[in-house]
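Reviewing the structure listed below.
The values are calculated or read from the model by the stated rules, or taken from the named source; none is laboratory data. The shown structure was predicted, so the numbers you read here are calculated from the model rather than taken from an experiment. Backbone-built Cβ (ideal geometry, glycine too); neighbour counts: all protein chains shown. SASA here: full protein model, heavy atoms, side chains in, ligands and nucleic acids out. Shrake-Rupley method; radii C 1.70, N 1.55, O 1.52, S 1.80 Å.
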Amino acid sequence: MRKAERLFEIVQLLRLAREPISAQHIANELGSSKRSVYRDIAALKAQDVPIRGEAGVGYVLEKGFDMPPLMLTSDEMDAAVLGAHWVASRGEPDLAKAALNLLAKIEVVVPERLRAHVLEPATSIAPVVPAFEVVNSSSLRNAIRRHRKITLVYEGGSGTRTERVVWPILLGYRDAGRILAAWCELRNGFRYFRTDRMISADILEKRIPENALSLRARWRSEMDQERASYAIQPQKDG
């Protein structure tokens, strides 16, 4: 790992830590030695990076410090490019276009040594046939961000159509299509709705009456309980 990448990784570790972390912990994460970490910490302090602490006590990064944009490692570049290509091939038109714009911006601002990660990526995405959708998923994402209710006309697996008001929580992306996780007023519970079965979705101006973080926490708790119940069910032979 180059020195610049090591310094970046140390700052990242300190940013994510909620308490002082030792030089040994940093060395283990980077695959280096404590002596190298001491030198790197000294180099960062010399560049006015606000790191507090000392050997034997641990180090913390003061709040409010911002790193220069797009100081990415090779693996982080590969991850960003792979993710953008996945979205470009599987996202709805607005999001797919945004992914391509993101790649173009990354190509412009990254150092020359990393530009090949965008122009000649080492990864690829298998092509898929997108599911037909009447509802634009961009409007669903907007409703989630704005914490607005949705009036949904939905066609179930049996072909029966129902109209219901839902509180959107999360839009899950799959290789073929998307699924909206939401609280359903009709069923008085959390439900999942495939976007390719949505006949219409009208975003209401009426806000969801529950705090967004609270609603998502309740949904996660119920999903965790559901997964746990599946895990303890006896496995059938054959």
If you scan the stretch 40-66, which residues turn out to be part of a helix (DSSP H, G or I) and exposed (fewer than 13 other Cβ atoms within 10 Å of the Cβ)?
-> Ala42, Ala46
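A quick yes/no check of all residues on (1) among the charged types (D, E, K, R); (2) closer than 23 Å to His25 by Cβ:
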{"position": "Glu76", "(1), (2)": "yes, yes"}
{"position": "Val108", "(1), (2)": "no, no"}
{"position": "Arg115", "(1), (2)": "yes, no"}
{"position": "Val135", "(1), (2)": "no, no"}
Looking only at the stretch 146-164, decide whether some residue is in a strand (DSSP E or B) and under 19 Å from Glu222 (Cβ atoms).
-> yes
In the stretch 112-132, which residues are farther than 16 Å from Ser74 by Cα, surrounded by 12 or more Cβ atoms within 10 Å (Cβ to Cβ) and without any contact (Cβ under 8 Å) to a residue 60 or more places away in the chain?
-> Ile125, Val128, Pro130
From the list Leu180, Leu140, Leu170, which one is in contact with a Leu (Cβ under 8 Å, 6 or more places away or on another chain), open to solvent by 50 Å² or more (accessible area, probe 1.4 Å) and among the aliphatic types (A, V, I, L, M)?
-> Leu170
Which listed residue, of Ala217, Ala176, Ala228, Ala182, is touching a Pro at 6+ places or on another chain (Cβ under 8 Å), of a type in the set (A, V, I, L, M, F, W, C) and either over 16 Å from Ile150 (Cβ atoms) or not in a strand (DSSP E or B) (or both) | Ala176
Residue by residue through the stretch 173-190, note down the ones that are under 30 Å from His85 (Cα atoms) and touching a Phe, Trp or Tyr at 6+ places or on another chain (Cβ under 8 Å).
-> Ile179, Leu180, Ala181, Ala182
Considering only residues that are modelled with pLDDT of 90 or more and assigned to a loop (DSSP other than H, G, I, E, B), look in the stretch 19-39 and name the one that is most open to solvent (accessible area, probe 1.4 Å).
-> Pro20
Whichever residue in the stretch 1-14 is out of contact with any Asp or Glu (no Cβ under 9 Å at 6 or more places or on another chain) and loosely packed, with under 13 Cβ neighbours inside 10 Å and, among such residues, is modelled with the highest pLDDT | Ala4
